[in-house]
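To start, the structure under review is shown below, and the notes come after it.
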Amino acid sequence: MTARIIDGKAFAAGLRARVGAAAAEVTAECGRKPGFAVVLVGEDPASAVYVRSKGKATLAAGMESFEHRLPADIAQGTLEALVDRLNADPAVDGILVQLPLPKHLDESAIITRIDPDKDVDGFHPVNAGRLATGLAGFVPCTPYGCLLLLRDVLGDLSGLDAVVIGRSNIVGKPMAQLLIAESCTVTVAHSRTRDLPEVVRRADIVVAAVGRAGMVKPDWVKPGATLIDVGINRTEAGLVGDVDPACAEVAGAMTPVPGGVGPMTIAVLLRNTLVSAARRGGVTLDAAI
Ligand code: NAP
């Protein structure tokens, strides 16, 4: 068997196009474009690249982008005052503070300061609680992107056995919550899990979010399983995921790295910003967004 390779890049392009079309409708109904504010503290080159691509994608989707670049030595109070201003700004529907922040800043206090209804990254504890209790809120972009790919490949996920490897707040835990909401039977594995290969072998769906190159091996995989590889590992051979590409011989479908989950994150960020603008403007969106 050779797995179907899930084209996350193409799916993300389609989602961005749908978001762009809906953004034009929201703009027409509300008399202003959906607005996304991104805050970058310091000069970290990787963060600067992410912020630039988020800004470009926002403009390409017909939304307003507000970029705030602040010096690395900014005081906690000054950054909090900026968040307060963005919370109060009617032109801003979504706020993202690029992480990680410099060590002297209290990251958790900044995330908690963002208005949960503008928290398009979905990291605010109120949004984590909404996800866990089935209320409408914002879901972190990467796991939501994984869910969209899974639904596209498998349709109804109800009753399937899913294993999420990794329990971070930004990927593993929200991914597990989303799969529970889809009526999967969910196991969350982590560094203390005993006999991980045996746990993975039971799964119809595997989401790997660890950060260890090629960790998931072909003999761990149930024939026909769907593998979603969130891992991004820089090696001498270039970017690789957490799933050994040889798993394609056993799996039914799998995401490549790059070109799988990666492109979904920004597309979902745009989608969340659109959803925020629509909610705030009282506009009903097409359910397919
Ligand atoms: P993280 O916070 O470092 O969490 C990694 C998780 O993996 C932890 O829960 C850890 O367990 C678990 N783990 C570590 N070693 C393990 C092992 N040997 N067996 C089983 N589990 C193990 O990472 P993250 O932020 O969730 O990110 C995970 C990966 O996804 C990274 O490669 C990251 O670059 C990538 N990522 C990609 C995107 C994207 O595509 N847009 C977005 C976010 C992250 P413990 O909790 O026990 O320590």
### Sequence-distant aspartates and glutamates (8 or more away, or on other chains) whose Cα lies within less than 17 Å of K173
D121, D161, E182, D229
### Separation between Cα centres of the range 242-277 and the range 94-152, rounded to whole Å
18 Å
## Note on the structure
Percent relative contact order for the chain, counting Cα pairs under 8 Å at least six residues apart, stands at 23 percent
### Summary
With the dipole of the range 38-79 defined by +1 on each Lys or Arg Cβ and -1 on each Asp or Glu Cβ, the option from P71, S47, A61 whose Cα lies farthest towards the positive pole is A61
### Message
5 Å is the cut-off here: which amide hydrogens, built 1.01 Å from N in the peptide plane, fall below it relative to V216, excluding neighbours closer than 5 in sequence?
### Response
V243, D244
### Query
In which sequence would F36, F123, F11, F138 go, from the one with the fewest C-beta neighbours within 10 Å to the one with the most?
F11, F123, F138, F36
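For the range 164-279, report the % of Cα-Cα distances exceeding 20 Å. Don't skip to the end; give the middle numbers.
Working: 2844 of 6670 pairs.
Summing the P(r) of the range 164-279 above 20 Å gives 43 percent of all pairs.
Pop out the Kirkwood hydrodynamic radius of the chain from its pairwise C-alpha distances, inverse of mean 1/r, in Å to one decimal.
Evaluated over the chain, this radius sits at 19.6 Å.
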### Kyte-Doolittle mean at least 0.0, axial Cα span of 27 Å or more - DSSP H helices of the chain
8-30, 262-281
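Can you sort H104, H68, H190 by how many other beta carbons sit within 10 Å, fewest first?
Numbers: H104 10, H68 18, H190 13.
Arranged by neighbour count, lowest to highest, H104, H68, H190 become H104, H190, H68.
For each pair in K56/K103; K9/K54; K33/K56, compute the distance between the two Cα atoms and list the pairs where it is over 19 Å. Write down the numbers at each step before the final one.
Working: K56/K103 28 Å; K9/K54 15 Å; K33/K56 15 Å.
Exceeds cut-off: K56/K103.
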### Query
Using the count of nearby Cβ atoms within 10 Å as a rough guide to exposure, how do C146, C184 rank from fewest to most?
C184, C146
### Summary
Treating only Lys and Arg (+1) and Asp and Glu (-1) as charged, each at its beta carbon, one finds that the chain has a dipole about its Cα centre, in Debye to the nearest 20, of 120 debye
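Helix-only mean residue ellipticity at 222 nm, the chain, DSSP H runs n ≥ 4 weighted -39,500 (n - 2.57), per residue, nearest 500. What is it? Numbers along the way, then the final one.
Details: 9 runs with 118 residues, N = 289.
For the chain, the value works out to -13000 deg cm²/dmol.
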### Query
Given H placed 1.01 Å from N in the peptide plane, which residues other than close sequence neighbours of T185 have an amide H under 5 Å from its amide H?
G159, L160, D161, A162
### Task
Using +1 at the Cβ of each Lys and Arg and -1 at the Cβ of each Asp and Glu in the chain, identify which of V257, L154, T112 lies farthest towards the dipole's positive end.
L154
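Taken together, the values in this text are just the output of simple stated rules run on the coordinates, not laboratory data. From a predicted model like this one, the values you see are computed outputs, not experimental measurements. Please note: Cβ atoms are built from the backbone with ideal geometry, for glycine as well, and neighbour counts cover all protein chains shown.
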